[in-house]
Amino acid sequence: MCLRDAVGAPICNWHRILRRNDARASPSAHSCPVGAKSTLNVVDGKRINTGMAYLTEDVRRRPNLTISGGVEVDSVVFQGRRATGVRLVGGETIAAGQVILSAGAYGSPAILMRSGIGPSSHLKELGIPVIVEAPVGQRLKEHPFYYNVYALKPEARSMTPVAGAIIWTRSSAAGADELDLHISGTHIFDPAQSPTGGAIVLACSVTLPKSRGSIRLASRDPRAMPLIRFNFFEDRSDLRRMMEAVRLSRKIGRTAPFSDVVELEMTPGKDVQDDAALEKVIIAQVDGYSHPTSSVPMGGPNDPGAVVDAGGAVRGVAGLHVVDASIMPDIISAPTNVTTIMIAEAISRKL
């Protein structure tokens, strides 16, 4: 997979994250697990989002910029097949020479479908006139996430720092140079649920999942939540790889010095030992990592699964772009924020 057209230079195999920035490393150097300190975009104790980083006071004072809070978009307004603005939930219309949707992997496909861009059979079910037949919402990807939770000993029950070390490693089914599993040490857990008042999580994830989910509209009402189906473990290899990750995290949990501060394993729990029991627990407790992508995927002109081109332009209409994580053709093997920022910066330079 290559993003040459999107960023002006080839970035092939972009969903594979190598564990070192060492040009001298041999291919074999990328086949082993690696541990690293978790890095967060935190300044003075505050996690910095893109609104804080990009919308500085100087930017907010620009005369050609209006920021409206509490505004919800219902749909895109069209004249023929040209986007001319957006319609808000309250009925107000904002005219625009060009419309860019950045509502995320859930919001952007929902807006497109309410606007008449999506699977025609689904839109017709809801009485939405079809402007463009497109596979919107049919390639949702997300990292499945499982919490291997430990109660901390009373003398070691501090809940800081929020995040610690991360292990990136490869499953037995990983391809060359792929790190498709990760385990992160975190205190993102309610300590009140721990019998000792403190807990630590070894959070396991399959970072290159093969299963695909979907997003559909529950109704034409823009206030109605879309129907999100992750479809975790539809591809059984995802489940097998998740079980490998949890087995590794539990091995860490039993090993000093980690085990020295642990009172007991809360989940899956000491009674879960054989593979059948572990599989049942993982399926019952799996969660999403809040890294959804690919619900409005980009692709070449001959890709029947693509909704937008390499510049984020929606196929079949004019004046409409989507620029957010929804346009990634496949999920990346890391948190999605940095890649989303890169996509936005690259496309914005060409608009």
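The values are calculated or read from the model by the stated rules, or taken from the named source; none is laboratory data. The structure displayed is predicted, hence computed values, not measured ones. Note that each Cβ is placed from the backbone with ideal geometry, even for glycine, and that neighbours are counted across all protein chains shown. Surface areas here come from the heavy atoms of the whole protein model, side chains and all, with no ligands, DNA or RNA. Shrake-Rupley method; radii C 1.70, N 1.55, O 1.52, S 1.80 Å.
Could you give the longest part of the chain that holds none of the GluC sites (Glu not before Pro) found in DSSP loops with at most 15 neighbouring Cβ atoms within 10 Å?
On the way: sites that count: 72, 92, 234.
Value returned for the longest uninterrupted segment is 93-233.
To the nearest ten degrees, helix 236-253 and the longest principal axis of the Cα atoms of the chain are 40 degrees apart.
Neighbours of residue 156, meaning other residues whose beta-carbon lies under 13 angstrom from its beta-carbon, give a summed charge of -1 when Lys and Arg score +1 and Asp and Glu score -1.
Subtracting the Cα-Cα distance of residue 44 and residue 237 from their residue separation scaled by 0.36 nm leaves 65.3 nm.
Taking 30 Å as R0, compute the FRET efficiency from the Cβ-Cβ separation of residue 133 and residue 88 and round it to 0.05. With a Förster radius of 30 Å, E is 0.70. Rolling a 1.4 Å probe across the protein heavy atoms gives the stretch 149-226 an accessible surface of 43 Å² per residue. To put it simply, the accessible area of the chain at a 1.4 Å probe is 53 percent carbon and sulfur.
A 1.4 Å probe run over the protein chains yields, for the stretch 243-337, 43 Å² of accessible area per residue, whole-number rounding. Run the paramagnetic zone check for residue 275: 7 angstrom along Cα to Cβ, then residues of the stretch 229-250 with backbone nitrogen under 19 Å. Once the point is set 7 Å along Cα→Cβ of residue 275, 233-250 turn out to lie under 19 Å by backbone N, inside the stretch 229-250.
Find how much the distance from residue 60 to residue 349 grows on full extension, using 0.36 nm per residue of separation minus their present alpha carbon separation; answer in nm with one decimal.
Values: separation 289, 0.36 × 289 = 104.04 nm, distance 1.96 nm.
Here the segment from residue 60 to residue 349 would lengthen by 102.1 nm.
Full extension of the chain between residue 125 and residue 302 gives 60.9 nm of extra length, using 0.36 nm per residue less the Cα-Cα distance. Expressed per residue, the C-alpha convex hull volume of the chain stands at 174 Å³. Can you give me the Cα centroid spacing of the stretch 173-223 and the stretch 260-291 in angstrom? Centre-to-centre (Cα) distance: 13 Å. Lysine pair count for the stretch 34-154 (Cα-Cα distance under 29 Å; residues 8 or more apart in sequence or on different chains): 6.
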